[in-house]
Amino acid sequence: MATIVDAYRKIRDDMMKEAMAGAMTPEDLMQLQELMYRTNILETCTCLCKSAPVTTDVRVMGYHYKLTDAYLMCLLKERCIGEPDDEKKKAQRETALENLRQVIQDRRKRFSSFKAETQEQYKKEILGMFNTVLPVWIQYRDCYTAI
């Protein structure tokens, strides 16, 4: 996650300089807006990973997981702003969304009866979940605005 978000931040910061100088095309502005959006999502996911409790207490893990799960479910209903779509692009977007939906549902099933055997297991599993979901989410986002 850190490598991608760092790369996005650098591109975003460079583009912000252009925007402040008034030297942006509408296409560049769309890409900047997408970079800002992705950076925010990845930073929030990083916070959710780092704040994952190190415990076997089901109540504590359950509350954190509810926050995490709600956030991931919002990714399935996020805004769909991007390049105009033709039939090919529309089919590509639908396929990418279905792939994302399947990955998230698979991870939800894995957590439906989760019981941590060690203090660190929950945190490790949450990190694994994000490392699985976020690349698929980025592929989905690239169907709207490629970075």
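The values are calculated or read from the model by the stated rules, or taken from the named source; none is laboratory data. Nothing here was measured: the structure is a model prediction, and the numbers come from that model. Cβ sites come from the backbone with ideal geometry, for glycine too, and all protein chains shown count toward neighbours. Protein only, heavy atoms only, side chains kept; ligands, DNA and RNA dropped before computing areas. Shrake-Rupley method; radii C 1.70, N 1.55, O 1.52, S 1.80 Å.
Treating only the Cβ of Lys, Arg, Asp and Glu as charged (+1, +1, -1, -1), what charge dipole size does segment 1-102 show about its Cα centre? Round to the nearest 20 debye. Before the final figure, lay out the partial values.
Values: 15 positive and 17 negative charges, 86 e Å.
Dipole size: approximately 420 debye.
Could you work out the relative contact order of the chain? I mean the mean sequence separation of Cα pairs under 8 Å and 6+ apart, divided by the number of residues, in percent.
On the way: 97 pairs, mean separation 49.5, N = 147.
This gives 34 percent for the chain.
For segment 79-86, putting each phi into the Karplus relation 6.51 cos²θ - 1.76 cosθ + 1.60 with θ = phi - 60° gives couplings of 5, 10, 9, x, 4, x, 10, 9 Hz, in residue order, rounded to whole numbers and with x for Gly and Pro. Working note: Karplus 6.51/-1.76/1.60 with θ = phi - 60° gives segment 128-133 the couplings x, 4, 5, 5, 8, 6 Hz, where Gly and Pro are set to x. Model label sites at N99 and A7, defined 7 Å from Cα along the beta-carbon direction, differ in position by 1.6 nm. How far is helix 58-75 tilted, in degrees, relative to the longest principal axis of the Cα atoms in the chain, given as a value from 0 to 90 rounded to the nearest 10? Helix 58-75 sits roughly 20 degrees off the main axis of the chain. Using a Gaussian network model of the chain whose springs link C-alpha atoms within less than 10 Å, name the residue from V58, V133, V103 with the highest mean-square fluctuation. With Cα springs under 10 Å in the chain, the top fluctuation among V58, V133, V103 is at V58. Comparing I104, I41, I81 in a Gaussian network model of the chain, where Cα atoms under 10 Å apart are tied by springs, the biggest mean-square fluctuation is seen for I81. Sequence-ordered 3J(HN,Hα) estimates for segment 138-147 from the Karplus curve with 6.51, -1.76 and 1.60 and θ = phi - 60° stand at 5, 4, 4, 5, 5, 5, 9, 9, 6, 10 Hz, glycine and proline given as x.
Size descriptors for the chain (Cα atoms only): Rg and Dmax, in that order, 17.4, 56 Å.
Placing pseudo-labels 7 Å out from each Cα toward the beta carbon at A23 and Q139 gives an inter-label distance of 3.7 nm. Taken along the Cα-to-beta-carbon direction at a fixed 7 Å, the label points for K77 and D14 span 3.7 nm.
Label zone (K90, point 7 Å along Cα-to-C-beta; backbone nitrogen cut-off 16 Å) within segment 103-147: 144. Overall, the ratio between the Cα radius of gyration of segment 90-147 and 2.2 N^0.38 Å, rounded to two decimals, is 1.36. Probing with 1.4 Å while keeping every protein chain in the model, the per residue accessible area of segment 37-147 equals 58 Å². Counting Lys and Arg as +1 and Asp and Glu as -1 over every other residue whose Cβ lies under 14 Å from the Cβ of I126, the net charge comes to +4. Segment 71-147 and segment 1-59 have Cα centres lying 16 Å from one another. The count of lysine pairs in the chain that are at least 8 places apart or cross chains, and whose C-alpha atoms lie under 25 Å apart, stands at 20.
Calculate what fraction, in whole %, of the accessible area of the chain sits on carbon and sulfur atoms when a 1.4 Å probe is rolled over the protein chains. Intermediate results must be reported in sequence, preceding the final value.
Values: 4980 of 8790 Å².
Heavy-atom surface of the chain belonging to carbon and sulfur, 1.4 Å probe: 57 percent.
Taking the square roots of five times each eigenvalue of the Cα gyration tensor of segment 47-114, the equivalent ellipsoid has semi-axes of 32, 13, 8 Å, listed largest first.
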